[in-house]
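Here the structure is laid out as structure tokens; the discussion comes afterwards.
The values are calculated or read from the model by the stated rules, or taken from the named source; none is laboratory data. Given the structure is predicted, the values throughout are model-derived calculations rather than measurements. Neighbour counts are summed over all protein chains in view; Cβ atoms, including those assigned to glycine, are modelled from backbone coordinates with ideal geometry. Areas reflect the complete protein model, heavy atoms only, side chains present, ligands, DNA and RNA absent. Shrake-Rupley method; radii C 1.70, N 1.55, O 1.52, S 1.80 Å.
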Amino acid sequence: MTTSADFVEAVAGFATGVVVLTVRDGRDDLGTTVTSFMSVSLDPPMVVASVATSSYLAEVLNRQDRWAATVLSAGQRALAGRFAAEGRPGARILLASEPHHRGHLSDALIPESGQSALECETRQTVEAGDHTLFIAGVLSTDYITRDKKPLIRVNRRYLEDRSSAGRR
């Protein structure tokens, strides 16, 4: 029988992109870093994000069906860490020193220096163990940049771009 520690070890080696989910809830702006995010349909365009069911963000996403997902670039390691920290403040404070704007369809805060950003609308939720899957239609592609490398997480660490390390 697999223990939860064995399972964590087994999937830790699976490389994933890093996404910041943001949502506006009245006067509050919330967000978190997720590594369980993927596209699930091209027609219509749909994505799925996995969020801990016990989190306040999951509670808010169950109330607010529109949210944003920003695919982070390699230079946004610190931002990913801020959005992943326990007891973190609201998204406005976390983004205070970063270029950002509000999505015109989701009203969620969107960091501007990622690889891409999507505005989404939840169409279905699925309880999956201790997480909730938020399956969402993509309402708009806020922006896309191809000149930056993605932020990747594997073995509980963010990969660093070493393409220029050691070169002079």
Could the peptides 47-54, 17-24 be put in order, highest first, of the mean number of other beta-carbon atoms found within 10 Å of their residues?
17-24, 47-54
Sort 74-80, 60-66, 108-114 by the packing proxy (mean of other Cβ within 10 Å over each peptide's residues), most packed first.
108-114, 74-80, 60-66
Treating only the Cα positions of region 58-122 as identical point scatterers, give the base-10 log of I(q)/I(0) from the Debye formula at each q in 0.12, 0.16, 0.17 Å⁻¹.
-0.30, -0.54, -0.61
CD proxy at 222 nm, helix term only [per DSSP H run n ≥ 4: -39500 (n - 2.57); per residue of the chain; nearest 500]
-4500 deg cm²/dmol
Mean projected area (nm²) of the alpha-carbon convex hull when region 29-168 is viewed from all directions:
9.6
From Cα pairs below 8 angstrom and at least 6 apart in sequence, can you work out the relative contact order of the chain, rounded to a whole percent?
27
In whole percent, the fraction of accessible protein surface over the chain that belongs to carbon or sulfur atoms, probe radius 1.4 Å, stands at 52
